[in-house]
1. Contact list please: Cβ distance under 7 Å, first residue in region 149-170 and surrounded by 10 or more Cβ atoms within 10 Å (Cβ to Cβ) and assigned to a helix (DSSP H, G or I), second residue modelled with pLDDT of 80 or more and charged (D, E, K, R), pairs at least six apart or on different chains.
2. Is there any pair linking a residue in region 112-139 that is among the hydrophobic types (A, V, I, L, M, F, W, C) to one that is surrounded by fewer than 17 Cβ atoms within 10 Å (Cβ to Cβ) and modelled with pLDDT of 80 or more, with Cβ under 7 Å and at least six apart or on different chains, and which?
3. With the structure loaded, tell me whether residue 82 is under 13 Å from the mean Cα position of the chain (by Cα) and of a type in the set (Val, Ile, Thr) or whether it fails that test.
4. In the set 134, 123, which member is touching a Ser or Thr at 6+ places or on another chain (Cβ under 6 Å) and under 20 Å from residue 82 (Cα atoms)?
5. Which pairs have Cβ atoms under 7 Å, sit 6 or more apart or on different chains, and link a residue in region 1-12 that is in contact (Cβ under 8 Å) with a residue 24 or more places away in the chain to one that is surrounded by 10 or more Cβ atoms within 10 Å (Cβ to Cβ) and part of a helix (DSSP H, G or I)?
6. Would you say residue 20 is in contact with a Leu (Cβ under 7 Å, 6 or more places away or on another chain) and modelled with pLDDT of 80 or more?
7. Here is a check on your reading of the model: is residue 41 under 19 Å from residue 72 (Cα atoms) and not basic (Lys, Arg)?
Amino acid sequence: MKRTLRYYSLRFKRLQGHPPILARGIAIGLFVGTTPTMPLHTFLLLTLCLSFKGSKIAALVASWVISNPLTFFLQYYACWLVGSTFFPGRLSWEKMQPIMTILAKDQGYAGFKQSLNLLGGLGIEASTVMLSGGIAIATPLAILGYYYSLIFFTKRQNRRALRKYESCPD
């Protein structure tokens, strides 16, 4: 776990580009990665990055950090929990429990695909609950991610420029 966190930390630090573009990419990645739209993540990331002129690489890395096999269970549970407060009674825990059981068993891609098929079989009401919960969680996360990453990348760019200036011979 520690090694994975260090790896993604280095990936973020090494991203190149203008701070606002990188920050938009991170915000898009956090937003899409938080929503329960797993089979469409890459398509949504690329489409939104092209629409809002965000960094595609930053979006992919942010999405991988927030949505990975270690976080699927928590992510889907949180989306269901929040979505159920908006639309009470539309998606009961009894309907959601088989999906969460499959995700908790960590059966890899096959188990995840099976859980998506079960979720898709629940219909439009389940999609409404899950997407509304995901969007409600993703929006503040994306906004915070944008501002914190903008600050981070701006400071990093300023430090690089200062080092470059200091290393130039007089």
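1. none
2. Pairs that qualify, where the first residue is among the hydrophobic types (A, V, I, L, M, F, W, C) and the partner is surrounded by fewer than 17 Cβ atoms within 10 Å (Cβ to Cβ) and modelled with pLDDT of 80 or more, are 129/87.
3. Values: under 13 Å from the mean Cα position of the chain (by Cα): no; of a type in the set (Val, Ile, Thr): yes.
Considered against the rule, which asks whether it is under 13 Å from the mean Cα position of the chain (by Cα) and of a type in the set (Val, Ile, Thr), residue 82 comes out as no.
4. Working: 123 fails: touching a Ser or Thr at 6+ places or on another chain (Cβ under 6 Å).
Only one candidate qualifies: 134.
5. These pairs meet every condition: 8/61; 8/65; 11/61; 12/61.
6. Answer is yes for this residue.
7. In short, yes.
Condition check ((1) closer than 23 Å to residue 126 by Cα; (2) surrounded by fewer than 13 Cβ atoms within 10 Å (Cβ to Cβ); (3) modelled with pLDDT under 85) across all residues:
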position	(1), (2), (3)
25	no, no, no
29	no, no, no
33	yes, no, no
37	yes, no, yes
48	no, no, no
51	no, yes, no
68	yes, no, yes
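The values are calculated or read from the model by the stated rules, or taken from the named source; none is laboratory data. This is a predicted model, so every value here is computed, not measured. All Cβ positions, glycine included, derive from the backbone under ideal geometry; neighbour counts span all protein chains shown.
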